[in-house]
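Beneath this line is the structure, given in structure tokens, with notes to follow.
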Amino acid sequence: MVNQSNSSITPSTSVTIGSFDGVHLGHQSILTALKTIAHQDESTAIAVSFFPHPAVVLGDIQTPFYLTTLEEKNALLKKYGADEIINFTFDRNFSRLSPRAFVEKLQEKTGFSRLLIGYDFRLGKDRSGGLTALRQLGKELGFQVDVIDPVIFEGNPISSSRIRHLLSEGDFADVNKMLGYAYFVAGKVMHGDGRGKHIGLPTANVVPWKFKLIPAPGVYAAFTEVDGVQHPSVVNVGHRPTFYEEDAIQTIETHILDFAQEIYNTRIRIHFVERQRPEIKFEGVDALMAQIKYDIINAKEILSDAAAPTNLPA
């Protein structure tokens, strides 16, 4: 099964292939080069990707993993340079395709004459299609292979796995630098237990896609996007240990500053800027509220120095 964004692909195209989870600065570098080359050749820049992620299928991962949903990834791929997007459904049968079989399938579909790949890209069964194999296929099938150097951050190449690790620790200073944008979680606002409103701190309880990777538990300064408008916010990710046991369901609750609009059942995005502190169990509501007042003051200072994120397509 293949999902194609539309049917305006030209006979000669330039293609890049990858999982592109998160569409970080390394991916963006490839997309920029792809767009430049394709437009110089008056051809279409096509990003070819896979869903589910190969690591999820081959590793049988059942826990939250993705930096971006399929829709978010497609929007980012378009934002950073792709004219068209093709998503192949990745499953066990697909993983058994040889590099030649996949390249022939792709060339039949797109007629590509240029292939841009990352420095560590490998394709096909057992990841046997590295640079040498792809260049040999290019000679036989009539396409050129270009390799794009990695983007280095603090001495090492940027990668989605590296970002996932830092995200699980709540290190947004480095996560957002490597992404090139503020990491975001989107979802519909659902009714919670109403405790925040009861103590004078109304929050929006956001329910994201179940496989979206959620930041480490803690309190964050963030922007909450409602109907395309960015609002400074304090966000709690965690189990609310002051009120519940440790095995309580994890929640994402955003307190939007100076905001009184009713937004139940509205889809919103939370753009995380900085982790302010870990989640703490307080002795009672008074101690909790004293800390939250400080969190709000601190968040305002953090966000006053941060640029509000550019909205993505809905």
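The values are calculated or read from the model by the stated rules, or taken from the named source; none is laboratory data. Keep in mind the model is a prediction, meaning the values are calculated, not measured. Counting neighbours? That spans all protein chains shown, and the Cβs are built from the backbone with ideal geometry, glycine included.
Brief remarks follow.
- Condition met for K188 (assigned to a loop (DSSP other than H, G, I, E, B), surrounded by fewer than 16 Cβ atoms within 10 Å (Cβ to Cβ) and in contact (Cβ under 8 Å) with a residue 60 or more places away in the chain): no
- Residue count for the stretch 262-291 satisfying the condition of being of a type in the set (A, V, I, L, M), within 25 Å of P208 (Cα to Cα), touching a residue at least 40 places away in the same chain (Cβ under 8 Å) and surrounded by fewer than 19 Cβ atoms within 10 Å (Cβ to Cβ): 1.
- At least 3 residues being out of contact with any Gly (no Cβ under 9 Å at 6 or more places or on another chain) and farther than 20 Å from L25 by Cβ is the threshold, and among the helices (runs of 4 or more DSSP H) wholly inside the stretch 50-104 those reaching it are 54-58, 92-95.
- Here L288 meets the list (1) over 30 Å from the mean Cα position of the chain (by Cα); (2) over 24 Å from F172 (Cβ atoms) almost entirely, failing just condition (2).
- Leading residue by the ranking (nearest to S128 (Cα to Cα)) among those in the stretch 84-107 that are aliphatic (A, V, I, L, M) and surrounded by fewer than 19 Cβ atoms within 10 Å (Cβ to Cβ): L97
- Against the list (1) at pLDDT below 95; (2) under 23 Å from the mean Cα position of the chain (by Cα), the condition Y264 fails is (2).
- Among the criteria (1) surrounded by fewer than 15 Cβ atoms within 10 Å (Cβ to Cβ); (2) in contact (Cβ under 8 Å) with a residue 60 or more places away in the chain; (3) of a type in the set (V, I, T), the one T132 does not fulfil is (2).
- Any hit, the stretch 161-172, residues being among the hydroxyl-bearing types (S, T, Y), modelled with pLDDT of 95 or more and on the phi < 0 side of the Ramachandran plot: yes
- Qualifying position, being among the acidic types (D, E) and farther than 15 Å from V23 by Cβ, among E104, E72: E104
- Note on the stretch 17-45: among residues that are among the charged types (D, E, K, R) and either assigned to a loop (DSSP other than H, G, I, E, B) or touching a residue at least 60 places away in the same chain (Cβ under 8 Å) (or both), the one that is surrounded by the most Cβ atoms within 10 Å (Cβ to Cβ) is D21.
- When the stretch 105-118 is limited to residues that are of a type outside the set (F, W, Y) and in a strand (DSSP E or B), the one that is nearest to the chain's Cα centre (by Cα) turns out to be G118.
- When the stretch 149-174 is limited to residues that are without any contact (Cβ under 8 Å) to a residue 24 or more places away in the chain and of a type in the set (A, V, I, L, M), the one that is surrounded by the most Cβ atoms within 10 Å (Cβ to Cβ) turns out to be L166.
- Entry remark, the stretch 35-59: residues being of a type in the set (D, E, K, R) and modelled with pLDDT of 95 or more number 1 in total.
- Qualifying residue in the stretch 1-14 (condition: under 23 Å from the mean Cα position of the chain (by Cα), modelled with pLDDT of 95 or more and not in a loop (DSSP other than H, G, I, E, B)): no
- Flag if D146 is among the acidic types (D, E), more than 30 Å from H255 (Cα to Cα), touching a residue at least 12 places away in the same chain (Cβ under 8 Å) and touching a strand residue (DSSP E or B) at 6+ places or on another chain (Cβ under 7 Å): yes
- Unmet requirement for A248, which otherwise passes all of (1) at pLDDT below 90; (2) buried (at least 16 other Cβ atoms within 10 Å of the Cβ); (3) small (G, A, S): (2)
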